[in-house]
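Working notes, structure below.
The values are calculated or read from the model by the stated rules, or taken from the named source; none is laboratory data. Owing to the predicted nature of the structure, the values given are computational and were not obtained by experimental measurement. Neighbour counts are summed over all protein chains in view; Cβ atoms, including those assigned to glycine, are modelled from backbone coordinates with ideal geometry.
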């Protein structure tokens, strides 16, 4: 078996047995990353040389290009950050480096994480390793595709409305969004500050627990990170769901879901039932408002978060093509006009609008109230069940270009992943089958806040009972 | 038509905490540009703010001193606007939950007490500084000031004259200096003030259209600008015109206000809750702990100095104007219960020393013990009042104690009769015509003889003794 097909825990076992070296593994992944990047475009920039490592887990890890790595280019998939090199490491990058990880930055993404297909990147779309005519999902499309294609052992992405889980689903890998506050956001270029979380993308659930162990924990530089002990998540990897109560929300099984997805998820629920779980139907009555609430809250925060890209201090600066003396406002306008893509502009305008005087109450304030209702839906649900199971996305990976001209259709791709961000709860997507075209299908599991252990236990139990996680994309 | 002026002030004060409001950078003035900066105050992508607890405590302190209610729900908001000195494109401020609200400040003006209402006081971060360099044909940004903690104190429209505004600012500055939360130095920009000014016919209760005055760089500028603006508004109304709501800049050199922006051009700041800072609730115990730390406030201190030491309005005012002086006064009274004499020495020679040296009292290293030793030396006749002032200067210059200075410089008064009599004989010999005048009944001429004798003794003669001896000598003549 090739290194690039193996999981982190398998590679660590080889290292432990002395069958290989971390240098050999790193160099093998570097070669693989180069060879297949022409097909995936998962890396915006190919890593030049792997840094040495002497840590406990000396494996190559891919980093989404919106997570700061000291002195490395960080583009967020946008032209506006051209040439920007942060003078500091993100909290998660520090932790990864401390564990010995070989940090490979530059994973492609939708511009500023605005998108569900990685087509809005200024550096070209990422292609799905299972079928290069299809999208890898987004916005962490580069992270998911690089793991599925074996360009990295595992990767970090960011998830604001499903940006780790939906691409994990589309690329047949495991993607986890931790509880809001479980992982430091320090050094993650903000999109929707009250929604963003960094999460692992891995080949299986065991790797997922291992990578979560590395990145989880309080960071005093992030006031929204929570100071509570981090359990050893690999201890939760127990194949046992006996008498665990699994909730199936009726609002997540709606018309318009691709039949193959529906069948795979139903089958997955049966697997859990057969393993002894108690399956019951539950209701999350405000689900239908989630997408609307999300596109108000997330864009409002984004419009403010992206104001700093103004051509003054770093990144792109474009002066208008005029002979006369340039006014300050002209520099702002031209820089932002040339620097941002269409989707970024659309979201900045949306967010600016919903915060404007006279509209604030009708949009932003009302959205926050509905957000509270959605949060309460989950609180009530978790009084009746230990985990919620549903599809990650209504469809498998769509074709490149299929939805790019129809933002609303694109936004609905995240209809099942958005609620977990609004509620701040953890959620994971893991492979649960393939459609007729051999495109992966994702199963989503959600638990209450800070109960990543139950989340991983259910995921592990399902994974161990099924063969999906053993499949690899052929490139 | 008679008009009434209505003024409200918005005062920004930089808080003198060790570090900035949302990061660990040094909060200092006057360093090399862009040296007190980090990813957080530079607003670099991915950086996040963390609230400096001391800023919060200082805000509570100021609120309590201004008799405000403290909002126990601590929340920050983003105020969105573009300017090159604002690296994030928004300022972190407090919008609907200011740290303090609904208070007042007692101001004494013309001997009359007046309460000026405080609408609110909120915490926020300062912006950087633009430096326009013509030689480069460019503007430069210094981010050292970015993230300096500010408290903005908004008054009610309770002031009725430019003098009222001046007195309010003076009282506010003094109060915050007592709290030691701000340097309140307008020259260094640690105190900045905008004024909202309107006029209305006397007797009218509705507020007139206001204008906002900016670029007021001194208390004097505040006064002059308001005086100018009131006159301008009156001229407009009297000539049948209407006041336009706008923001005006004070031009100090020309002594006029000029339009900066109209109401239509006003910003929509799109305030919304800062998602990077989690709101939290203060406990009553936390607020009480700050209350315990409040010092005696200037106005209360003034009343007490009057009651306890019998000082008059003016002397007590001069003392409390500098907390260090008032404290020094009280320390001296503990050692020597001659209150008025101590007060005179402090408000006179001591303040002359601080003013001339442009130094704070603490920098003079003058202990209450030395001060009292000096006053005692004058009182017991060891030195004259005049020499006492020189001794004070020497004590400050050398740091030596009073007795050594007097001894080393030979400044002690000569009370020895024989030495004095010798000099008196000389003086009488040299001034026979004066003796004739005295004999003719002009008693005041004695003073001239005393002066002459004092001159010969280089001021070291005990003046009382000298006077007595001359009187006696003349009677015997």
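Collect the residues in the stretch B:176-190 that are touching a strand residue (DSSP E or B) at 6+ places or on another chain (Cβ under 7 Å) and surrounded by 21 or more Cβ atoms within 10 Å (Cβ to Cβ), keeping them in residue-number order. B:176, B:182 - these are the residues of the stretch B:176-190 that are touching a strand residue (DSSP E or B) at 6+ places or on another chain (Cβ under 7 Å) and surrounded by 21 or more Cβ atoms within 10 Å (Cβ to Cβ). Restricted to the stretch B:336-349, and to residues there that are in a helix (DSSP H, G or I) and touching a helix residue (DSSP H, G or I) at 6+ places or on another chain (Cβ under 7 Å), the residue that is surrounded by the fewest Cβ atoms within 10 Å (Cβ to Cβ) is B:341. Taking the criterion of being more than 14 Å from chain B (Cβ to nearest Cβ), more than 21 Å from residue A:454 (Cβ to Cβ) and not in a loop (DSSP other than H, G, I, E, B), the residues of the stretch A:162-209 that qualify are A:166, A:167, A:170, A:171.
Listed conditions (1) at negative phi; (2) within 14 Å of chain B (Cβ to nearest Cβ); (3) surrounded by 24 or more Cβ atoms within 10 Å (Cβ to Cβ) are all met by residue A:85, apart from (3).
One line per residue, one yes/no per condition, for (1) over 30 Å from residue B:226 (Cβ atoms); (2) within 14 Å of chain A (Cβ to nearest Cβ); (3) touching a residue at least 24 places away in the same chain (Cβ under 8 Å):
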| site | (1), (2), (3) |
| --- | --- |
| B:64 | no, no, yes |
| B:70 | yes, no, yes |
| B:74 | yes, yes, yes |
| B:87 | yes, yes, yes |
| B:107 | no, no, yes |
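Counting only helices (runs of 4 or more DSSP H) that sit completely within the stretch B:394-451, those holding 1 or more residues that are under 46 Å from the mean Cα position of the chain (by Cα) correspond to B:402-408.
Of the candidates A:394, A:320, the single residue that is in contact (Cβ under 8 Å) with a residue 40 or more places away in the chain and more than 13 Å from chain B (Cβ to nearest Cβ) is A:394. Being touching a helix residue (DSSP H, G or I) at 6+ places or on another chain (Cβ under 6 Å), assigned by TED's automatic domain parsing to the domain that holds residue A:38 and at positive phi is a description that applies to residue A:137. With a requirement of 1 or more residues that are modelled with pLDDT under 95 and surrounded by 17 or more Cβ atoms within 10 Å (Cβ to Cβ), the helices (runs of 4 or more DSSP H) lying completely within the stretch A:259-361 that satisfy it span A:328-339.
So that you can scan it fast, the table gives a plain yes or no per residue for (1) more than 19 Å from residue B:383 (Cα to Cα); (2) buried (at least 17 other Cβ atoms within 10 Å of the Cβ):
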residue: B:394; (1), (2): no, yes
residue: B:411; (1), (2): no, yes
residue: B:417; (1), (2): no, no
residue: B:425; (1), (2): yes, no
residue: B:430; (1), (2): yes, no
residue: B:440; (1), (2): yes, no
residue: B:450; (1), (2): no, yes
residue: B:464; (1), (2): no, no
residue: B:470; (1), (2): yes, yes
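Restricting attention to the stretch B:267-285, the residues being on the phi < 0 side of the Ramachandran plot, surrounded by 16 or more Cβ atoms within 10 Å (Cβ to Cβ) and within 7 Å of another protein chain (Cβ to nearest Cβ) number 5. On the stretch given as the stretch B:303-314, residues that are buried (at least 20 other Cβ atoms within 10 Å of the Cβ) and either in the same structural domain as residue B:176 (by TED's automatic domain parsing) or in a helix (DSSP H, G or I) (or both) total 1. Residues in the stretch A:65-82 that are in contact with a helix residue (DSSP H, G or I) (Cβ under 7 Å, 6 or more places away or on another chain) and either away from chain B (no Cβ under 12 Å) or without any contact (Cβ under 8 Å) to a residue 24 or more places away in the chain (or both): A:77, A:79.
Scanning the stretch A:242-258 for residues that are surrounded by fewer than 19 Cβ atoms within 10 Å (Cβ to Cβ) and in a helix (DSSP H, G or I) yields A:250, A:251. Could you look through the stretch A:361-385, keep only residues that are in contact with a strand residue (DSSP E or B) (Cβ under 7 Å, 6 or more places away or on another chain) and closer than 18 Å to residue A:421 by Cα, and pick out the one that is farthest from the other protein chains (Cβ to nearest Cβ)? The qualifying residue farthest from the other protein chains (Cβ to nearest Cβ) is A:381. Among the conditions (1) surrounded by fewer than 21 Cβ atoms within 10 Å (Cβ to Cβ); (2) at pLDDT 95 or above, residue A:52 misses just one, which is (2).
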